[in-house]
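Read through the structure below, which is laid out as structure tokens, and then see the notes.
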Amino acid sequence: MALRIIDHGTKEYQQMVNLRMDILRKPLGLSFDPAELEKEKEDVLMGAFEDDRLLGCCLLTRQDQHTMRLRQMAVPNNMQGKGIGRALMIFAENIARDLGYKKLCMHARKTALGFYEKLGYTTNGEEFTEVTIPHYIMEKAL
């Protein structure tokens with residue numbers, strides 16, 4: 001498995017959008033707004049690949065001078081539990097740290113809390129609803 005930065009607008013980026021659509025949006029009856037995808041040009045886009053096949057992805061969005069927000073973590077259901085998400089998280093943390101950020105935060109789906117807690121993230125605040133499902137803000141100092 002190779003972890004790589006993905007350039008916006010490439011075929012790898014299209015694979016990333018498709019995976020996120022299949023895993024994160026379609027099950028909720030949602031889609032992407034073209035303006036939302038356009039804004040991702042400013043983000044750090046990451047993927048885990050086996051040859052040219054995307055196994056998982058996530059992205060980092062700058063929150064402020066000290067904090068990056070992890071967004072859109074997606075690994076196909078049949079590939080979960082194989083270390084792909086964990087590898088992507090470590091990769092994302094290292095990139096954020098290398099760019100000078102001190103904290104990583106996210107809006108984590110309630111169903112994924114255990115995964116992030118195992119990686120050292122803690123919840124901050126109360127449960128809230130986003131994209132129709134329960135989420136928590138989670139954070140970790142880098």
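Selection of first residues in segment 127-138 that are without any contact (Cβ under 8 Å) to a residue 60 or more places away in the chain and of second residues that are aromatic (F, W, Y) and buried (at least 17 other Cβ atoms within 10 Å of the Cβ), restricted to Cβ pairs under 6 Å at least 6 apart or on distinct chains, gives the following pairs, ordered by first then second residue: E127/Y136; M138/Y116; M138/Y121. A Cβ distance below 9 Å, combined with a sequence gap of six or more or placement on separate chains, defines the contacts here; from segment 106-118, residues that are of a type in the set (S, T, Y) reach residues that are outside any strand (DSSP E or B) in the pairs Y116/M89. Within the option set E40, E12, being modelled with pLDDT of 95 or more, of a type in the set (D, E) and touching a Gly at 6+ places or on another chain (Cβ under 7 Å) holds for one residue only, E12.
Name the single residue, out of those in segment 103-142 being part of a helix (DSSP H, G or I) and of a type in the set (S, T, Y), that is nearest to P76 (Cα to Cα). Full working, then the answer.
Taking segment 103-142 as the starting set, the residues that turn out to be part of a helix (DSSP H, G or I) are 110-118.
Filter once more, keeping what is of a type in the set (S, T, Y): 111, 116.
Values: T111: 15, Y116: 17 Å.
Checked segment 103-142; the qualifying residue nearest to P76 (Cα to Cα) is T111.
Taking the criterion of being more than 13 Å from F115 (Cβ to Cβ) and outside any strand (DSSP E or B), the residues of segment 57-81 that qualify are Q63, D64, Q65, H66, P76, N77, N78, M79. Does any residue in segment 1-27 that is under 15 Å from Q72 (Cα atoms) come within less than 6 Å, Cβ to Cβ, of a residue that is modelled with pLDDT under 95 and surrounded by fewer than 16 Cβ atoms within 10 Å (Cβ to Cβ) six or more places away or on a different chain, and which pairs are these? As it stands, the answer is R25/S31, since those pairs meet every condition given.
The values are calculated or read from the model by the stated rules, or taken from the named source; none is laboratory data. Quick caveat, the model's predicted, so the values are computed rather than measured. Because the Cβ atoms are built from the backbone with ideal geometry, glycine has one as well, and the counts that use them run over all protein chains shown.
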